[in-house]
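Chemist: Just dropping this structure here.
Computed from the coordinates by the stated procedures, all read-outs in this text should not be read as laboratory data. Computed from a predicted model, the values in this text were never measured in an experiment. Heads up, the Cβs are rebuilt from the backbone with ideal geometry, glycines too, and the neighbour counts pull from every protein chain shown.
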Amino acid sequence: NTQKHDFIDQDLFNHGEVYGTGGTTGKPKFCFYTDSEFKLVGKLLGKSYLKLGLKENSKVGNLFMAGNLWSSFNAVQEALKFCNVIQFPFGGSIDPDIFCKTVHSFGIECLFGLPGLLVKLSEKSKGIKIKQIFYAGEILSESMQKQLKQNWEVEEFFSAGYASVDVGPIGFQDKTCNGTEHILFSDLIHLEVINEEAVVTSKVRQAMPVIRY
């Protein structure tokens, strides 16, 4: 028998993907996205990357962590499909030697990943040249940017999106944004301020609605 899940429309719970939240808002939870919801997430993220200067046919490395019910790797893969680029799905645990050889062989100029992991990898692969970095999951500090410029000669840093597993993408950057500033994904998210706290409601999550997160 199919197990019943609270807050999930059983008519929609037939095809999609299940991710884990990691427990930052309490006990770890499972989040279900239908295939159409996840494709929409990728499309909107991809549009923001193209507006930031990611070029079609670029060679792009995805260094977000894969597996373990994490969503960031898959979300970036989906977004990059929309961007019509050549993807290199390294994952966050790639061997530095293999990474260096691949970057040199194919001329990869753009990377996506967690700031901390990117900095650690750059220390073990100094001398390669990366033009663009898209990051998420934590703040990319000025000291981190300095290290990446020194090790990889990075020219541009952009947010890959402000998001949570529960809600999906919440905000994106364009070239007018400074530092941690983001623009609300108004097609995806309804934003309210309640008791001086920002709360968001997803407009697209149907199988597993997210209300006032």
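Chemist: Full extension from Ile139 to Lys47: what is 0.36 nm times the residue separation minus their Cα-Cα distance, to one decimal in nm? Provide the component values of the computation, followed by the final result.
Modeler: On the way: separation 92, 0.36 × 92 = 33.12 nm, distance 2.19 nm.
Once the chain is fully extended between Ile139 and Lys47, it gains 30.9 nm.
Chemist: Follow-up question, since we're still on this one. Quick check: residue separation of Gln150 and Gln77 times 0.36 nm, minus the Cα distance between them. What number comes out in nm?
Modeler: Working: separation 73, 0.36 × 73 = 26.28 nm, distance 2.76 nm.
So the extension gain works out to 23.5 nm.
Chemist: Need the full-extension length gain, His104 to Ile211, defined as separation in residues times 0.36 nm minus the C-alpha distance. One decimal, nm. If you can, show how the numbers build up before the last one.
Modeler: On the way: separation 107, 0.36 × 107 = 38.52 nm, distance 4.62 nm.
Taking 0.36 nm per residue and subtracting the Cα distance, the gain is 33.9 nm.
Chemist: Next up: Explain nothing, just the number: relative contact order of the chain, from Cα pairs under 8 Å at least 6 residues apart, as a whole percent.
Modeler: Numbers: 379 pairs, mean separation 40.3, N = 213.
About 19 percent, as a whole number.
Chemist: Measuring from label point to label point, each 7 Å out along Cα→Cβ, what is the Glu192 to Lys124 span in nm?
Modeler: That separation, rounded to one decimal, is 4.7 nm.
Chemist: Can I ask one more? Would the chain count as rounded, prolate or oblate if I go by the C-alpha gyration tensor, calling it rounded below 1.5 in a/c and otherwise prolate when a/b exceeds b/c, oblate otherwise? Please report the intermediate quantities before stating the final value.
Modeler: Numbers: a/c = 1.94, a/b = 1.61, b/c = 1.21.
Here the chain falls in the prolate category.
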